[in-house]
């Protein structure tokens, strides 16, 4: 059907990815346009829809399963995630992460995950050795000893900080979120915590290997942040926070485009 048309091939992929994102943002975000704005100014549309295209197909397929995750329809969810893993093997990580994200925001499972993250950062050399064992027999076998890994300085701390904002806010107002007890927000909060934890580990290990994993859960932060602004702050503060968010994210967009990607 595609034939030799590269344009049609990439168009089909872009349409699939966009439909998955738009559908879930539209269904679950309290402010759909802010979610789209965050996805764009975070430069994820460049780093994933263009650069990490194959993995992002798997990400979008998993993201499209959000309704199944929330309704705890695990069998069809697992089957779709396994399908996504045939496109990119990293998708398999979503199976345990979905179970960790279930329940109230900042529950014992997420606290345990944070504790494990801190241990991985403190004992980074042992954690790297464990990664070498875990990647044995996979497409990343021998990657940790490669020249690419030797020159890998980890994920940029600025990037980690920006993507951690929704999780940081959720920690500051965790009692409010727990009292609201909305299943979608609980799930998105825990997914955002997971993304932050993985990014923190990738900052001291590998941005190329570990830094590729948070994208599976990061998408939920773009649902969480608008809800936090709309529900955790009073009317007077809300406008100032939205304005600050727009200015700071545009600043981050410029930083990424100019310094990280050298596109402008």
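So, residue 186, is that one at pLDDT 95 or above, out of contact with any helix residue (DSSP H, G or I) (no Cβ under 6 Å at 6 or more places or on another chain), assigned to a helix (DSSP H, G or I) and closer than 25 Å to residue 81 by Cα or not? Even if it seems obvious, please write down each step before you answer.
Working: at pLDDT 95 or above: yes; out of contact with any helix residue (DSSP H, G or I) (no Cβ under 6 Å at 6 or more places or on another chain): yes; assigned to a helix (DSSP H, G or I): yes; closer than 25 Å to residue 81 by Cα: yes.
Yes: the conditions hold for residue 186.
Go through the stretch 200-209 and report how many residues are closer than 23 Å to residue 187 by Cα and free of Cβ contacts under 8 Å to residues at least 60 places away in the same chain. Even if it seems obvious, please write down each step before you answer.
Going residue by residue through the stretch 200-209, those that are closer than 23 Å to residue 187 by Cα are 200-202.
Add one more test, that the residue is free of Cβ contacts under 8 Å to residues at least 60 places away in the same chain, and what stays is 202.
Looking only at that region, the number is 1.
Hey, could you check the stretch 233-247 for residues that are surrounded by 15 or more Cβ atoms within 10 Å (Cβ to Cβ) and more than 21 Å from residue 26 (Cα to Cα) and say which is farthest from the chain's Cα centre (by Cα)? Can you show your working first?
Filtering the stretch 233-247 for residues surrounded by 15 or more Cβ atoms within 10 Å (Cβ to Cβ) gives 233, 241-242, 245.
Cutting the leftovers down to more than 21 Å from residue 26 (Cα to Cα) gives us 233, 241.
Working: 233: 24, 241: 22 Å.
If we take residues in the stretch 233-247 being surrounded by 15 or more Cβ atoms within 10 Å (Cβ to Cβ) and more than 21 Å from residue 26 (Cα to Cα), then 233 is farthest from the chain's Cα centre (by Cα).
Quick check, is residue 195 surrounded by 18 or more Cβ atoms within 10 Å (Cβ to Cβ) and over 22 Å from residue 49 (Cα atoms)? First the steps, then the outcome.
Numbers: surrounded by 18 or more Cβ atoms within 10 Å (Cβ to Cβ): yes; over 22 Å from residue 49 (Cα atoms): no.
So residue 195 fails the test.
Please go through the stretch 67-88 and pick out each residue that is under 15 Å from residue 183 (Cβ atoms), touching a residue at least 24 places away in the same chain (Cβ under 8 Å) and either touching a helix residue (DSSP H, G or I) at 6+ places or on another chain (Cβ under 8 Å) or buried (at least 18 other Cβ atoms within 10 Å of the Cβ) (or both).
67, 69, 70, listed by residue number.
Condition check: closer than 27 Å to residue 182 by Cα and assigned to a loop (DSSP other than H, G, I, E, B). Does residue 35 satisfy that?
Numbers: closer than 27 Å to residue 182 by Cα: yes; assigned to a loop (DSSP other than H, G, I, E, B): no.
Criteria not met by residue 35.
The values are calculated or read from the model by the stated rules, or taken from the named source; none is laboratory data. Remember, predicted model here, so these are calculated numbers, not experimental data. Cβ sites come from the backbone with ideal geometry, for glycine too, and all protein chains shown count toward neighbours.
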